[in-house]
Amino acid sequence: MAEWNAYFLGELAKYHDVVVFDNRGIGRSETASTSYRINDLADDAAALIEALNLTGATVVGWSMGGMIAQQLVVDHPGLVGKLVLIGSMPPGRQSVSASAQVERILSGGGGGQFNKIMSVLFPVEAVQEAQKCFASGMFSPDSYARPRIPNSVAQAQRILIKYWKLDDNILERLRSVGVPVLVLTGTEDKVVPPINSILLSKILLHAKLVEIERGGHAVMYQYPREVARYIDLFDAR
């Protein structure tokens, strides 16, 4: 949960009750095994929604979280009232991956890795401000230390994303999703190219596409107030 911008969450919380959580293997959520798929993470989210007795939840998923949200709405349609997908991609073979150079940076390590990651998450003019945000503007509840993702979990995530890109079955099931969907992308997203959001807006029956000029993959860090207002307006429909 410490990957969320605190200011963005604060903007959302002005008009909504906001719930954030750690996926299994991340932060304080444990996992007995790293052999899991997107559907397992969606089942985890469904269990949380049910435990909190939420009805008609607006589910917001960023990047891989958007993939989990898509799986959630097809596997547990009664739990989702509306869906917001930020910088995400559809399942199946038509999804478009990042360039080989970006993939190498995302999976690499060594010196200067933080700056390299910043360079692919944001357009060049936004990197300096984003670095300040990551240093002091992250959501961090009391006594919650910002966690490192274990290598085994990072590898498991790369594998489940690989399988997601091959899952044409989920793609077909998405075509019949009946809930309203807001699809948000930054026009400069290097991690999940914007064409993926365009594809999602065509696959999902009741989707509205918003493209944010000069937005990178972490567009809600660059434009927290604007992205929150798009979600507010969508949720009020």
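FYI, it's all coordinate maths here, none of it is from the lab. Everything numeric in this text was worked out from a predicted model, so none of it was measured. FYI the Cβ positions are ideal-geometry reconstructions off the backbone, even for glycines, and counts take in every protein chain you see.
Points to keep in mind about this one:
- Among the residues making up region 198-237, those that are in contact (Cβ under 8 Å) with a residue 40 or more places away in the chain and out of contact with any helix residue (DSSP H, G or I) (no Cβ under 9 Å at 6 or more places or on another chain) are L199, Y230, F234, D235, R237.
- Only one entry of L184, L171 meets the criterion of being assigned to a helix (DSSP H, G or I), under 28 Å from G25 (Cα atoms) and of a type outside the set (S, T, N, Q), and that entry is L171.
- Residue list for region 203-237, restricted to those being touching a Pro at 6+ places or on another chain (Cβ under 9 Å), surrounded by fewer than 17 Cβ atoms within 10 Å (Cβ to Cβ) and under 15 Å from L182 (Cβ atoms): H206, K208, E211, R237
- 2 or more residues over 19 Å from A130 (Cβ atoms) and not hydrophobic (A, V, I, L, M, F, W, C): qualifying helices (runs of 4 or more DSSP H) within region 192-237: 195-203, 224-235
- Every pair of residues 6+ apart whose Cβ atoms lie under 6 Å, when the first sits in region 91-109 and is without any contact (Cβ under 8 Å) to a residue 40 or more places away in the chain and farther than 19 Å from Q71 by Cβ while the second is among the polar types (S, T, N, Q) and surrounded by 14 or more Cβ atoms within 10 Å (Cβ to Cβ): none
- Remark: pairs (first residue in region 118-133, within 18 Å of I105 (Cβ to Cβ); second residue of a type in the set (K, R) and outside any helix (DSSP H, G or I); Cβ separation under 7 Å; 6+ apart in sequence or on different chains) = V120/K190; P123/R214.
- Every residue from region 91-129 that is exposed (fewer than 14 other Cβ atoms within 10 Å of the Cβ) and of a type in the set (K, R): R93, R104
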